[in-house]
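The values are calculated or read from the model by the stated rules, or taken from the named source; none is laboratory data. Just so it is clear, the model here is predicted, and its values are computed rather than measured. Positions of Cβ are generated from backbone atoms using ideal geometry, with glycine treated the same way; all protein chains shown enter the neighbour counts. All accessible areas refer to the heavy atoms of the entire protein, side chains included, with ligands and DNA or RNA removed. Shrake-Rupley method; radii C 1.70, N 1.55, O 1.52, S 1.80 Å.
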Amino acid sequence: MIVAGAGVVGLATAALLATGRCADRLHVQVLEARTLPRWRAEDTDLRVYALSRASQRLLESLGVWPTIVARRACAYRRMHVWEGTDPASGGLTFDSADIGEPDLGHIVEDSLLRTALVDALAAAPNAELTLGAELDQIEIVPRSALVRLRNGGTVQGTLLVAADGSDSAVRRMLDLPIAARSYEQTAIVTHVASTLSHRETAWQRFLPGGPLAFLPLRDGRSSVVWSLPSARAAELLAAQPDAFVAELQSASAGVLGTLGPCSARGGFPLQALHALHYCAPRAVLVGDAAHTVHPLAGQGMNLGLLDAACIARVVEDALLAGEDPGDLKVLRRYERERKGGNLEMLVALDALNRLFRSPRWAAPFRAAGLRVVDASGAAKRLLMARALGLNVGSKNRLRWSQAQ
């Protein structure tokens with residue numbers, strides 16, 4: 001079994017296969033072209049994820065969640081969303097206590113997740129991580145996928161899992177078509193201190209250029225994800241730190257008091273992408289290789305980890321039934337289970353981004369909509385349960401309900 005890509009989704013897929021019900025029947029090899037970041041307490045990782053309860057359960061099943069929490073995960077218990085200059089006027093507040101949950105999720109660094117998953121793989125006798133393995137060519141032969149590397153090596157397996165990101169080399173080599181559209185936005189990421197506590201709350205303000213989010217970190221700072229038109233983002237990325245913080249202060253509407261200082265800044269372009277086919281004979285797409293969504297709801301990584309759980313279960317079920325896990329009819333079970341939900345989330349987030357970037361005359365109607373939802377306990381509970389991954393369906397490998 002070959003996994004191309006050692007991001008969080010690729011490593012999670014490999015770990016699930018290497019430690020699952022059919023671990024004794026599998027050899028899992030992860031191929032990664034670059035060196036991997038190692039988490040260190042003294043470092044600042046700008047890339048963070050808002051992990052849902054479904055993602056937490058997956059990491060618990062791999063035995064890595066206690067380590068992640070002990071090192072530097074930060075629970076967030078509330079989320080406040082608003083439009084306009086006054087965070088206290090109108091808007092929409094979600095509180096985990098309203099659905100009997102201890103939190104709405106956790107903010108976790110990319111390098112911390114990857115370090116924990118690499119360590120889990122290292123402890124599995126049937127798993128192997130190969131760095132410096134840049135893919136050059138893929139050949140599908142009768143009962144396996146043959147991967148040729150640029151260094152001259154070859155790797156062969158019954159199934160190739162493409163977890164190599166939105167610019168997937170595997171997807172390109174297999175000529176799997178996509179539908180993609182640039183948002184013409186860039187997300188600026190940084191960490192910032194503030195005079196007011198974040199109160200374990202994720203804050204998000206919708207602005208004409210795109211949403212601004214403050215995600216709570218365990219050291220008291222907040223992780224900033226600020227989506228802006230790309231030209232404006234480039235100006236702010238090049239600005240002096242004090243000038244950038246001044247712009248961020250204005251955009252924040254003072255929700256966290258006085259801001260600063262901030263850490264280094266990074267930026268990444270935003271796009272909507274969806275593969276028209278998730279699988280081909282001997283190959284399957286997971287995570288960003290199959291779909292990317294707008295970051296305004298923080299659901300991209302959660303969708304990818306649900307992909308990982310699903311493909312691992314489909315492979316295991318096939319092996320236990322005496323089937324070939326690389327057979328296209330087997331892989332289409334994964335596609336049928338994941339494609340519709342991923343596309344639904346992409347469309348919903350795309351529509352939400354368009355709605356809040358629409359002309360200012362629509363602002364009163366948007367505000368009225370937020371007030372209606374905020375006043376409806378049932379609607380808010382449903383939205384929170386969906387975001388957490390509660391009751392996500394009997395077909396998922398990881399499922400639970402509040403009663404469990």
Note to self: Output wanted: per-residue J couplings in Hz (rounded whole) for the stretch 203-208, from phi through Karplus 6.51 cos²θ - 1.76 cosθ + 1.60, θ = phi - 60°, x for Gly and Pro.
What the structure shows: 10, 9, 10, 8, 10, x
Notebook entry, point to check: Per residue and in Å³, how big is the convex hull formed by the alpha-carbon atoms of the stretch 1-146?
Noted result: 178 Å³
Notebook entry, point to check: Taking the alpha carbon gyration tensor of the stretch 1-60, what are the square roots of 5 times its eigenvalues, largest first, to the nearest whole Å?
Noted result: 24, 17, 9
Item checked: For the stretch 330-346, 3J(HN,Hα) per residue [Karplus equation, 6.51 cos²θ - 1.76 cosθ + 1.60, θ = phi - 60°, Hz, x = Gly/Pro] -> 6, 5, 5, 5, 4, 4, 5, 6, 9, 5, x, x, 5, 5, 4, 5, 4
Checklist line | Over the chain, volume per residue of the alpha carbon convex hull, in Å³ | finding: 140 Å³
Next item on the list: Sum up the charges of everything whose Cβ sits under 15 Å from the Cβ of residue 43, counting Lys and Arg as +1 and Asp and Glu as -1, but leave residue 43 out.
Entry: +3
Note to self: Starting from a Cα-only point model with no solvent, please compute log10 I(q)/I(0) by Debye for the stretch 15-101 at q = 0.10, 0.16, 0.20, 0.26 1/Å.
What the structure shows: -0.47, -0.95, -1.17, -1.34
Item checked: Residues of the chain: accessible area per residue with a 1.4 Å probe, Å² -> 42 Å²
Item checked: Computed Rg/Rh of the stretch 184-312, alpha carbon atoms with Kirkwood Rh -> 1.06
Next item on the list: Take the alpha-carbon positions of the stretch 240-347, form their convex hull, and give its projected area averaged over all directions (one quarter of the hull surface) in nm².
Entry: 9.3 nm²
Notebook entry, point to check: Ordered by residue, what ³J(HN,Hα) values in Hz, to whole numbers, does the stretch 210-221 give under the Karplus form 6.51 cos²θ - 1.76 cosθ + 1.60, where θ = phi - 60° and Gly and Pro are x?
Noted result: x, x, 10, 10, 10, 10, x, 10, 5, 7, x, 7
Margin query: Rg over Rh of the stretch 115-195, using C-alpha atoms and the Kirkwood radius, what does it come to?
Written below: 1.11
Notebook entry, point to check: Counting only residues 5 or more places away or on other chains, whose amide H sits under 5 Å from the amide H of residue 271 once H atoms are built in the peptide plane?
Noted result: 183
Item checked: Relative contact order computed over the chain (Cα-Cα under 8 Å; 6+ residues apart), in percent -> 21 percent
Check: If the chain between residue 88 and residue 344 were fully stretched, how many nm would it gain, using 0.36 nm times the residue separation less the Cα-Cα distance?
Finding: 89.0 nm
Checklist line | Rounded, prolate or oblate (a/c below 1.5 giving rounded, otherwise prolate when a/b exceeds b/c) for the stretch 38-82 by Cα gyration tensor | finding: oblate
Check: Near residue 198, within a Cβ-to-Cβ distance under 13 Å, what is the net charge of the other residues, with Lys and Arg +1 and Asp and Glu -1?
Finding: +3
Check: Most mobile of 268, 206, 94 per a Gaussian network model of the chain (Cα springs, under 10 Å)?
Finding: 268
Note to self: Let me make sure I get this right: for the stretch 269-311, a, b and c are the square roots of the gyration tensor eigenvalues over alpha carbons, sorted descending. Under 1.5 in a/c it's rounded, otherwise prolate if a/b > b/c, else oblate. Which is it?
What the structure shows: oblate
Next item on the list: State the Cα centre-to-centre distance between the stretch 215-229 and the stretch 237-289 in whole Å.
Entry: 10 Å
Notebook entry, point to check: With no solvent and one point per C-alpha, what does the Debye sum give as log10 I(q)/I(0) for the stretch 203-264 at q = 0.24, 0.27 Å⁻¹?
Noted result: -1.15, -1.42
Check: Is it possible to state the helix-based mean residue ellipticity at 222 nm for the chain, with each DSSP H run of 4+ residues giving -39500 (n - 2.57), the sum divided by total residues, to the nearest 500 deg cm²/dmol? What is it?
Finding: -11000 deg cm²/dmol
Next item on the list: Please find the FRET efficiency linking residue 41 to residue 98, where r is the Cβ-Cβ separation and R0 is fixed at 41 Å, and quote it to the nearest 0.05.
Entry: 0.75
Next item on the list: Between beta-carbons, use under 15 Å as the cut-off and find the net charge around residue 11, counting Lys and Arg +1, Asp and Glu -1.
Entry: -4
Note to self: Treating only the Cβ of Lys, Arg, Asp and Glu as charged (+1, +1, -1, -1), what charge dipole size does the stretch 202-261 show about its Cα centre? Round to the nearest 20 debye.
What the structure shows: 180 debye
